[in-house]
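Novice: So that we are looking at the same thing, I have put the structure below in structure tokens.
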Amino acid sequence: MYKIESKNVDFFYGPSQALKNINIAIRANTVTALIGPSGCGKSTYLRLFNRMNDLIDNIKLSGQVLIEGEDIYGRGINVDSLRKNVGMVFQKANPFPKSIFENVAYGLRVNGITDKKIIEERVETSIKQVVLWEEVKDKLKKSAFELSGGQQQRLCIARALAIHPSIILMDEPTSALDPISTAKVEELIYELKTKYTIVIVTHNMQQAGRVSDRTAFFYLGELIEYDETKTLFTKPKEERTQNYITGRFG
Amino acid sequence: MINEIKITKRKKRSQAIAFWIFRLLSYSIVAILFIILSFIIFKGASVINWNFITQMPEEGMTKGGIYPAIIGTLCLVAGSMIFAFPIGVLAAIYMNEYVKDGIIKRIIKQMTNNLAGIPSIVFGLFGMSLFVNKLHFGDSILAGSLTLGLLALPVVIRTTEEALKAVDNTFRQASLGLGASKWQTTSKVVIPIAFPNIITGLILSIGRVSGETAPILFTVAAYFLPKLPTSIFDQAMALPYHLYVISTSGTNIEASRPIAYGTALVLIIIVLIANLLANGLRKYFGKKVKMN
């Protein structure tokens, strides 16, 4: 069974159609990259998986989005528990104006975990998972704003990991980072793959090539091509894909 | 080539003129404030001493202090804030965080703006007919506070809304993305971030409320009281009304002129202290928010 599957998905912001008949199936423990020029619908598509688009007024969705075989837009779906299972990392590092510790503990607290020991343990494990522990272990009580941009983004990943999701969505997670921080996050994505299913939106085609197993190319709300990353970048079937990855437009 | 130099010169000159006008206007605002303040201080400072702020008025309010008016104003400010602040903040949170864009939100918004546009004397009249007469509170601190509270409500709602709007949406998304409910997101993330700015609303409304005369005219203010109020159902004196009384209908207007300036100065000082206090609170919470 596929981890994530979308069947005939159409999506509208008011009268304008942002996604046209998207069909994708994603296997567990893989990294899938969504690429395409700005406004092609890749971020919108990503945000379907944790129902983040629900926050926007006046939207319409048809078709099915399945996670572990269950229609997440179906009746009786608890959106909070869905989001607990599907973590998200945003374009700009957005730690809360709280301490480093509380940033990671937040997800645990809002999900009803009160045991101090468990919280401390999970915070530590999560921060270690993103290879940030050595840098912050002595200043956990300090504001997260004191960290550098790259550290903040890794903290945000740790925050997402702490509540033990099985899927992580990343919306251009490195677009605001310097090359060294970017390399660290990419390395992390590669390691996280063993435990999580990752879907990443990126503008950076080298990045898609480096981190992903499969790549989906979106253009004007349509899924143009979805294939093994290697195949897509070396032998694309569609001319538009070819043009985009060779930098002829976008 | 020469033409270009001319154009550049002209551009520079018009820019310089524009900046000078702006500069002049903004300085004149400061100057006006300075003139008013120094006028009041010059006229009023001589009567202000410890007795002035701790004694009852004497001899038909031509001598003595303004203690009961100070106490009255403090009571009214506190009372109106207790009423307006929670309601205003909660209404703004509801409007900004929960209501979707649409007709209902537009109506509430428009009504809030209309409320802000109502002249304060109309609030006074409304307060009299509702709180004083219909609800039988009588001329009382309660009736006056509620009336002033109504007046402050739109200020509180608007500033709170602005404070909430200023909270970056990605904070909300990050919180919801971790499985937090909407209420958890609002109470644990959005409000703490917005809180320092919400305090600004409190400052602004305290300034507004403490100086209002019209709304308390028919609802609480007393011409003269020989003793302090003992409950919220008592009448009270208040600084702005006291100022009005001794300047227009006192027993001896000329003799009480210095007291009038003293009263004005005290009123200004109270507003200033409230502002400073609220500013301190805002800074304190601003720091705390980052740390917690």
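The values are calculated or read from the model by the stated rules, or taken from the named source; none is laboratory data. Predicted model only: the values in this text are computed from it and were never measured. Cβ coordinates were reconstructed from backbone atoms using ideal geometry, including for glycine residues, and neighbour counts include every protein chain displayed. Please note that ligands, DNA and RNA were not included when accessible areas were found on the heavy atoms of the full protein model with its side chains. Shrake-Rupley method; radii C 1.70, N 1.55, O 1.52, S 1.80 Å.
Novice: Taking θ = phi - 60°, what integer Hz values does the Karplus form 6.51 cos²θ - 1.76 cosθ + 1.60 yield along region B:270-277, in sequence order, with x for Gly and Pro?
Specialist: With coefficients 6.51, -1.76 and 1.60, one gets 4, 4, 4, 4, 4, 4, 4, 4 Hz.
Novice: Let me ask something else about it. At 222 nm, what helix-only mean residue ellipticity would chain B give, in deg cm²/dmol to the nearest 500, using -39500 (n - 2.57) for each DSSP H run of four or more?
Specialist: -23500 deg cm²/dmol
Novice: Okay, next question. Please compute one quarter of the surface area of the Cα convex hull for region B:58-99 and express it in square nanometres.
Specialist: Average projection, Cα convex hull of region B:58-99: 3.6 nm².
Novice: Please compute the average number of Cβ atoms from other chains found within 10 Å of each residue's Cβ in peptide A:161-173.
Specialist: Other-chain Cβ atoms within 10 Å of each residue's Cβ, averaged: 1.
Novice: Okay, moving on. Rolling a 1.4 Å sphere over the protein heavy atoms, what is the accessible area per residue of the protein assembly as shown, to the nearest Å²?
Specialist: On a per-residue basis, 50 Å².
Novice: Please list, ordered by chain and number, the residues whose modelled amide H lies under 5 Å from the amide H of A:A216; skip anything fewer than 5 residues away on the same chain.
Specialist: The answer is A:A33, A:L34, A:I35.
Novice: Summarise the partner chain shielding of A:49-58 as one whole number: the mean count of Cβ atoms from other chains within 10 Å of each residue's Cβ.
Specialist: 2
Novice: Give the aspartates and glutamates whose C-alpha is closer than 18 Å to that of A:K235, dropping any in the same chain fewer than 8 places away, or say none.
Specialist: The qualifying aspartates and glutamates are A:D213, A:E225, A:D227.
Novice: For region A:206-222, what does the Karplus curve 6.51 cos²θ - 1.76 cosθ + 1.60, with θ = phi - 60°, yield as ³J(HN,Hα) per residue in whole Hz, taken in order and with x for Gly and Pro?
Specialist: Once θ is set to phi - 60°, the couplings for region A:206-222 become 4, 4, 4, x, 6, 9, 9, 8, 10, 10, 10, 9, 9, 8, 6, x, 10 Hz.
Novice: What is the percent of Cα-Cα separations in region B:75-288 that go past 28 Å?
Specialist: Cα-Cα pairs of region B:75-288 separated by over 28 Å account for 38 percent.
Novice: Total accessible area buried between chains A and B, 1.4 Å probe, in Å² to the nearest 100?
Specialist: 2200 Å²
Novice: Kindly express, to the nearest 10 degrees and within the range 0 to 90, the angle between helix A:149-162's C-alpha long axis and the longest C-alpha principal axis of chain A.
Specialist: Taking Cα atoms only, the helix is inclined about 90 degrees.
Novice: Lys and Arg at +1, Asp and Glu at -1: add these up for the other residues within a Cβ distance under 12 Å of A:Q64 and post the number.
Specialist: Result for the local shell: -3.
Novice: Can I ask one more? Per residue, what volume in Å³ does the Cα convex hull of the protein assembly as shown take up?
Specialist: So the per-residue Cα hull volume is 246 Å³.
Novice: Quick one: Kirkwood hydrodynamic radius for chain A, alpha-carbon pairs, angstrom, one decimal?
Specialist: For chain A, the Kirkwood estimate is 18.7 Å.
Novice: Net charge within 13 Å of A:L19 by Cβ-Cβ distance, Lys/Arg positive one each and Asp/Glu negative one each, not counting A:L19 itself?
Specialist: +3
Novice: Can I ask one more? Residues with amide H under 5 Å of A:M88's amide H, sequence separation 5 or more or different chain, H placed in the peptide plane at 1.01 Å from N; which?
Specialist: Here A:L169 satisfy the definition.
Novice: So, one more: Please list, ordered by chain and number, the residues whose modelled amide H lies under 5 Å from the amide H of A:L223; skip anything fewer than 5 residues away on the same chain.
Specialist: Counting only residues 5 or more places away or on other chains, the set is A:K20.
Novice: Taking only DSSP H segments of four or more residues, each worth -39500 (n - 2.57), what value at 222 nm results for chain A once the sum is divided by all its residues, to the nearest 500 deg cm²/dmol?
Specialist: Helix-only estimate at 222 nm: -10000 deg cm²/dmol.
Novice: Choose one answer from B:T112, B:T159, B:T170: the residue with the largest mean-square fluctuation in a GNM of chain B with alpha-carbon springs under 10 Å.
Specialist: Greatest mean-square fluctuation among the candidates belongs to B:T170.
Novice: A follow-up question, please. Can you run phi through the Karplus equation (6.51, -1.76, 1.60; θ = phi - 60°) for region B:22-36 and list ³J(HN,Hα) in whole Hz, with x for Gly and Pro?
Specialist: So the Karplus estimates, Gly and Pro as x, are 4, 4, 4, 5, 5, 5, 5, 4, 4, 4, 4, 4, 4, 5, 4 Hz.
Novice: Any idea what diffusion coefficient region A:18-92 gets from Stokes-Einstein, in µm²/s, Kirkwood Rh on alpha carbon pairs, 4 °C, 1.567 mPa s?
Specialist: Roughly 95 µm²/s, to the nearest whole number.
Novice: Shielding of A:88-99 by partners, i.e. mean partner chain Cβ atoms within 10 Å per residue?
Specialist: Other-chain Cβ atoms within 10 Å of each residue's Cβ, averaged: 5.
Novice: Treating cross-link reach as a plain straight distance, find the aspartates and glutamates whose alpha-carbon is under 19 Å from the alpha-carbon of B:K227, omitting any fewer than eight places away in the same chain.
Specialist: Of all the aspartates and glutamates, those that pass the test against B:K227 - Cα under 19 Å, at least 8 places apart if same chain - are B:E58, B:E59, B:D139.
Novice: Here is a follow-up. Let me check I've understood the local charge: for A:H203, count other residues with C-beta under 13 angstrom from its C-beta, Lys and Arg +1, Asp and Glu -1. What total comes out?
Specialist: Its environment carries a net charge of -1.
Novice: Among the DSSP beta bridges whose two residues both lie in region A:4-245, what percent are antiparallel, rounded to the nearest 5?
Specialist: 55 percent
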